[in-house]
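Colleague: Quick one: the structure is below, questions incoming.
The values are calculated or read from the model by the stated rules, or taken from the named source; none is laboratory data. These numbers were taken from a predicted model, which means no experiment stands behind them. Quick reminder, even Gly has a Cβ in these numbers, built from the backbone with ideal geometry, and neighbours come from all protein chains shown. Keep in mind that these areas ignore ligands, DNA and RNA; they rest on the heavy atoms of the full protein, side chains included. Shrake-Rupley method; radii C 1.70, N 1.55, O 1.52, S 1.80 Å.
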Amino acid sequence: MIELSPSRAYSIFLNYCDEVANSSYLLSSRAIKNLLKFIASTPCLTNYISKCNSSIKLNETYNSIFGETALNLPQDNMAVVSVVTKLLFDIDRNNIDMDKFLSAYYKYDDYSARYSHFCNTALVAYAKAFGDVVTYKEKVLEAEEEKKVDNVIKDEVAPYISKMTHIVEGDSLISDAKKDEIITLLDGLYYSFDTQRAKLVRAMWIGLLSVADKYKPLQSYIKEVRRILDNYALI
């Protein structure tokens, strides 16, 4: 998993969208797969998509985009993110035949022109809608920075921090320098709750992930802390 800030993740997401748009039709499947792999490996993007999906009746909304002669994308940004993400995954998994799809909705002489028009319409709408969702969610997070972090969050996270600290301290297979680095950030995360500043909690969390995300003995505990912080909209 790639831990990136939402703005950085969206910037890279746009690069992958450009790769899809600039690809030839014959090589488009690889470009689409690369975009979807990036999305799937980036927690903040998958989190946004999950929230978008939960905001609509996904299957019903998705089925409604397939008109007789036109692809009818929704007006709502979150719905666009949901249905186009699902559409791209269906194309990638061959649940939708790309040739038949393009022939049905893009009336041009050849597949390259049809694919180009698909990118200039559906993909562009998708990229814009995703950007608007990211911007909106970031504004919500900024507003939440003014709120105090409830002490109950620290109480929920503390047992996992304690367990992770004991694991690191007792691990003879990692260097003392690595131990100090991880323990310092575990302590930083623990005491950041005392400041009641969401921004500082988030910064300590990102710092911890940067040094411990591939350290296997902690992964189950990191997963639980991520769940708690996500439940309280701190990440």
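Colleague: Just the residues that are part of a helix (DSSP H, G or I), open to solvent by 50 Å² or more (accessible area, probe 1.4 Å), under 17 Å from Ile228 (Cα atoms) and among the basic types (Lys, Arg), please, taken from segment 154-207.
Modeller: Lys163, Lys199
Colleague: Against the condition hydroxyl-bearing (Ser, Thr, Tyr), open to solvent by less than 50 Å² (accessible area, probe 1.4 Å), outside any loop (DSSP other than H, G, I, E, B) and at pLDDT below 90, how does Ser210 come out, does it pass?
Modeller: No, not satisfied.
Colleague: On to the next question. Any residue in segment 181-194 that's over 8 Å from Leu208 (Cβ atoms) and at pLDDT 95 or above: show its pairings with residues that are in a helix (DSSP H, G or I) and of a type in the set (Asp, Glu) at Cβ separation under 7 Å, as long as the two are six or more apart or on different chains.
Modeller: Qualifying pairs under 7 Å: none.
Colleague: Where residues in segment 75-100 are among the polar types (S, T, N, Q) and closer than 22 Å to Ser116 by Cβ, which of them is farthest from the chain's Cα centre (by Cα)?
Modeller: Selected residue: Asn94.
Colleague: Of all residues in segment 57-75, how many are surrounded by 17 or more Cβ atoms within 10 Å (Cβ to Cβ) and either of a type in the set (Val, Ile, Thr) or over 16 Å from Tyr126 (Cβ atoms) (or both)?
Modeller: Number of matching residues: 2.
Colleague: Same structure again: Which one of the conditions (1) under 29 Å from Ser5 (Cα atoms); (2) in a loop (DSSP other than H, G, I, E, B) does Thr69 fail to meet, given that it meets all the rest?
Modeller: Thr69 satisfies every listed condition except (1).
Colleague: Out of Ile32, Ile65, Ile49, which single residue is within 23 Å of Phe118 (Cβ to Cβ) and at pLDDT below 95?
Modeller: Every option except Ile49 fails the conditions.
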